[in-house]
1. Regarding Asp93, is this residue without any contact (Cβ under 8 Å) to a residue 24 or more places away in the chain and closer than 18 Å to Lys38 by Cβ?
2. Could you list, ordered by first residue, the pairs with Cβ atoms under 8 Å in which the first is in the range 96-110 and more than 14 Å from Phe44 (Cβ to Cβ) and the second is among the polar types (S, T, N, Q) and part of a loop (DSSP other than H, G, I, E, B), at least 6 apart or interchain?
3. Just to check your reading of the model, which residue among Ser149, Ser70 is within 18 Å of Phe44 (Cβ to Cβ), assigned by TED's automatic domain parsing to the domain that holds Lys38, surrounded by 15 or more Cβ atoms within 10 Å (Cβ to Cβ) and modelled with pLDDT of 95 or more?
4. Is the range 38-59 home to any residue that is within 14 Å of the chain's Cα centre (by Cα), closer than 27 Å to Leu136 by Cα, outside any helix (DSSP H, G or I) and modelled with pLDDT of 60 or more?
5. Pick out the one residue from Trp8, Trp88 that is at pLDDT 95 or above, of a type in the set (Phe, Trp, Tyr) and more than 25 Å from Ala138 (Cα to Cα).
6. Can you tell me which residue is nearest to Ile33 (Cα to Cα) among those in the range 103-127 that are surrounded by fewer than 15 Cβ atoms within 10 Å (Cβ to Cβ) and among the hydrophobic types (A, V, I, L, M, F, W, C)?
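The values are calculated or read from the model by the stated rules, or taken from the named source; none is laboratory data. This structure is a prediction, so every number in the text was calculated from the model and none was measured. Positions of Cβ are backbone-derived with ideal geometry, glycine not excepted, and every protein chain shown enters the neighbour counts.
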Amino acid sequence: MKAIVRAWVLAVSLSGVALALIPQVHAADDDPIGKAIKARRGGFQLYSFYAGHLFGMAKGDIEYDAELASTMANNLNTVVNLNNGAMWPADSDNTKRKGKTRAKPNIWAADSKIGEKSKALKTAAADVAAVAGDGLDALKSKIGAVGKSCKGCHDDYRAKEF
């Protein structure tokens, strides 16, 4: 029952936040590239939040909780599978938008492997979501692939500094 109440409160709260942001979203339309960069950075914050809990549990920094692990892994799997193509318009790289993004221009290159990197993250997130609630050992067996997929993209496509 508590879980249902929490879910309902969260849904109502998020609806209120969404409604409050509508005027701000329209105000940002005069800079669609800036808006896209903000949106994708927000997406990465979600990745970090959900994966961070899972990494913390795997390392022993956060006490393992099957329900929380399952929730975090399922949420991670959901957000990595959103179609975020509109968040990656041309000219939204760190050379064109200094100080706003760490996305390197090679993401948009013809020989870019970004699609493969994204697929690896999606696979890793699905794999960890399938087992995260099955015990700490099960979580540990799959969470490393999430970290590896994140690193694979960061190494090639993310600048160290803004």
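1. When the stated conditions are applied, Asp93 passes them.
2. Within 8 Å, the pairs are Lys104/Asn94; Pro105/Asn94; Pro105/Thr95; Asn106/Ser112.
3. Working: Ser70 fails: within 18 Å of Phe44 (Cβ to Cβ).
None of the other options fit; the residue is Ser149.
4. No, every residue in the range 38-59 fails to be within 14 Å of the chain's Cα centre (by Cα), closer than 27 Å to Leu136 by Cα, outside any helix (DSSP H, G or I) and modelled with pLDDT of 60 or more.
5. It is Trp88.
6. The residue in question is Ala109.
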